[in-house]
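This report concerns only the one structure given below.
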Amino acid sequence: METGEAAMKQYLMATIVLLTTTLAQAAEPLRVFTWEGYVQPDEISAVNALLKEQGYDYAVEVIEPWAAGPDQMFDVLRSHAADIAFLTLNYINMESALSANLLQPIDTASPRLLNYKHLNQSLTRIPMGMRGQDVLYIPWGGGAYGIWANMDKLSETPDSVKDLWDPEWRGKLSLSKGQFEPNIALALLAMDKPPFHVNDVSGNRDVLAALSLADGELQAKVSALYDQVGFFWETGPEFKEELLLVASYGPGASAHNAAGGNWSLVQFEEGNTVWLDTINFSRNLTGKKLEAAEIFANYFIGKDVQTRVVNGLGMVAASTLVEANPLIEENPDFFTETMFWPPYTRTASNVMVTINKRAMDR
């Protein structure tokens with residue numbers, strides 16, 4: 001038979017476990033929809049601790065699946081499955097996925113967004129992320145869609161995008177199969193045109209028709225580029241031993257380097273196209289839950305997470321609090337307007353689908 005002291009200790013322990021379980025169950029989930037690798041378990045714990053400390057009865061929950069593309073992200077937001085999203089900036093007002101209508105403006109002066117003032121101001125009011133004067137995003141981190149070179153095998157990298165068509169790279173180049181728009185952007189740069197020329201002229205039927213011709217210059221350029229490809233990756237870049245040049249958005253290459261690889265972003269004289277991932281709030285958030293979302297966002301634009309954006313993901317941090325931001329330091333014009341991925345129009349997307357299909361089916 002247990003002594004009275006032992007029984008009391010057991011009772012107290014059971015009471016603590018019951019209270020802890022009850023509190024955890026009582027906390028309403030703050031559902032976060034994000035790209036793989038963007039939200040880490042220790043960061044979830046840190047935000048949950050902040051919420052509890054400040055009297056908010058919410059707990060961060062990263063939902064499934066991972067973010068994958070504009071249409072998928074739009075569908076998840078439309079189903080009201082997410083409270084917070086990490087939309088890529090050009091998705092917000094993309095014609096095929098009007099996510100802007102599912103978001104609410106950011107109160108940039110909120111007392112819970114104290115880290116907002118430390119963001120790179122050139123990234124905070126980009127028109128493609130706004131609805132009128134309303135800002136629908138908080139900059140989080142970005143990067144380049146570029147070509148990464150295997151520096152264990154190369155002493156020099158290509159100087160120009162045009163070099164990708166040289167015979168020496170035949171079978172040694174890897175591009176994306178599913179996300180083909182960047183491939184067409186490379187072809188346009190090699191033709192001395194802006195990378196998003198198809199989108200830029202999508203309101204001009206005659207010019208767009210000329211670009212989409214089966215025997216046109218753009219089709220020939222894309223088809224010839226695909227002839228150079230030794231491997232098309234689908235869900236993410238694969239840095240195979242036989243490859244010398246691999247297209248990547250950045251995090252994939254950085255993860256490979258962290259595992260012992262030695263791949264470096266090629267600095268083409270034409271530059272690289274760039275993207276920005278953002279934090280967004282569902283239009284359904286109100287009251288205390290919206291405040292909890294702001295606390296989450298503030299933590300994720302704070303120094304600790306933004307430093308991981310650089311060192312852990314190989315991306316460009318949106319915050320000026322980080323001690324080093326190498327891609328920006330190497331190229332202060334990294335986020336130049338002409339190289340920023342745009343929200344594609346439906347007509348431009350249709351033309352690119354056709355061009356890509358012809359090139360793949362040859």
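Computed from the coordinates by the stated procedures, all read-outs in this text should not be read as laboratory data. Note that the structure is a prediction, hence the values are computed from the model and not measured. Please note: Cβ atoms are built from the backbone with ideal geometry, for glycine as well, and neighbour counts cover all protein chains shown.
Starting from the Cα of Asp215, step 7 Å toward the Cβ, then list every residue of segment 327-358 with an amide N under 18 Å from that point.
The answer is 355, 358, whose backbone nitrogens lie closer than 18 Å to the label point.
Please give the contour-minus-distance gain from Lys288 to Ser264: 0.36 nm per residue of separation, less the Cα-Cα distance, rounded to one decimal in nm. Don't skip to the end; give the middle numbers.
Numbers: separation 24, 0.36 × 24 = 8.64 nm, distance 4.48 nm.
Result: 4.2 nm gained on full extension.
Whole number please: convex hull volume per residue of the Cα set in segment 176-277, in Å³?
Values: hull volume 12.2 nm³, N = 102.
In segment 176-277, the Cα convex hull volume per residue is 120 Å³.
Of the GluC sites (Glu not before Pro) in segment 49-107, which ones lie in a loop per DSSP and count no more than 15 other C-beta atoms within 10 Å? Provide the component values of the computation, followed by the final result.
Numbers: sites: Glu53, Glu61, Glu95; in loops: Glu95.
Here the GluC sites (Glu not before Pro) that fit, given the DSSP loop and packing criteria, are Glu95.
Set the bar at 24 Å for Cα to Cα. Now go through Lys153/Lys303; Lys172/Lys221; Lys221/Lys357; Lys117/Lys303; Lys162/Lys357 and name every pair that lies beyond it.
On the way: Lys153/Lys303 36 Å; Lys172/Lys221 18 Å; Lys221/Lys357 14 Å; Lys117/Lys303 12 Å; Lys162/Lys357 22 Å.
Violating the 24 Å Cα-Cα cut-off are Lys153/Lys303.
Would segment 33-85 count as rounded, prolate or oblate if I go by the C-alpha gyration tensor, calling it rounded below 1.5 in a/c and otherwise prolate when a/b exceeds b/c, oblate otherwise?
Numbers: a/c = 3.90, a/b = 1.82, b/c = 2.15.
Cα axes put segment 33-85 in the oblate bin.
Compute the Cα gyration tensor for segment 86-150, then decide on rounded, prolate or oblate, letting a ≥ b ≥ c be the square roots of its eigenvalues: rounded whenever a/c is under 1.5, prolate when a/b is larger than b/c in the other cases, and oblate in all that remain. Could you put the intermediate results ahead of the total?
Numbers: a/c = 2.49, a/b = 1.25, b/c = 2.00.
Judged from the Cα gyration tensor, segment 86-150 comes out oblate (a/c at least 1.5, b/c at or above a/b).
Taking every alpha carbon pair in the chain, what does the distance histogram look like in 20 angstrom bins from 0, in percent?
Here the calculated profile for the chain is 27, 52, 17, 4, 0.
Which of the GluC sites (Glu not before Pro) found in segment 280-342 are loop residues per DSSP with 11 or fewer other Cβ atoms within 10 Å of their Cβ?
Details: sites: Glu291, Glu294, Glu323, Glu329, Glu330, Glu337; in loops: Glu323.
Answer by residue number: Glu323.
As I understand it, the dipole of the chain uses +1 on the Cβ of Lys and Arg and -1 on the Cβ of Asp and Glu, about the Cα centre. Which of Gly271, Gly203, Phe296 lies farthest toward its positive end?
Towards the positive end, the residue furthest out is Gly203.
What Kirkwood hydrodynamic radius, in Å, does segment 238-353 give when the mean of 1/r is taken over all pairs of distinct Cα atoms and then inverted? Intermediate values should be presented prior to the final figure.
Working: mean 1/r = 0.0588 Å⁻¹.
Its Kirkwood hydrodynamic radius stands at 17.0 Å.
Charges only on Cβ, +1 for Lys and Arg, -1 for Asp and Glu: so what's the dipole of the chain about the Cα centre, in debye to the nearest 20?
Value, rounded to 20: 780 debye.
Rounded, prolate or oblate: which one fits segment 20-155, using the alpha carbon gyration tensor with axes a ≥ b ≥ c (rounded when a/c is under 1.5, else prolate when a/b beats b/c, else oblate)?
On the way: a/c = 1.57, a/b = 1.31, b/c = 1.19.
Prolate is the answer for segment 20-155, as a/c is 1.5 or above and a/b outweighs b/c.
Under unit Cβ charges (Lys, Arg +1; Asp, Glu -1), what dipole magnitude, rounded to 20 debye, does segment 177-237 have relative to its Cα centre?
Working: 4 positive and 8 negative charges, 15 e Å.
That gives a dipole near 80 debye.
Helix-derived [θ] at 222 nm for the chain: sum -39500 (n - 2.57) over DSSP H runs of at least 4, divide by residue count, nearest 500?
Values: 12 runs with 129 residues, N = 362.
The per-residue figure over the chain is -10500 deg cm²/dmol.
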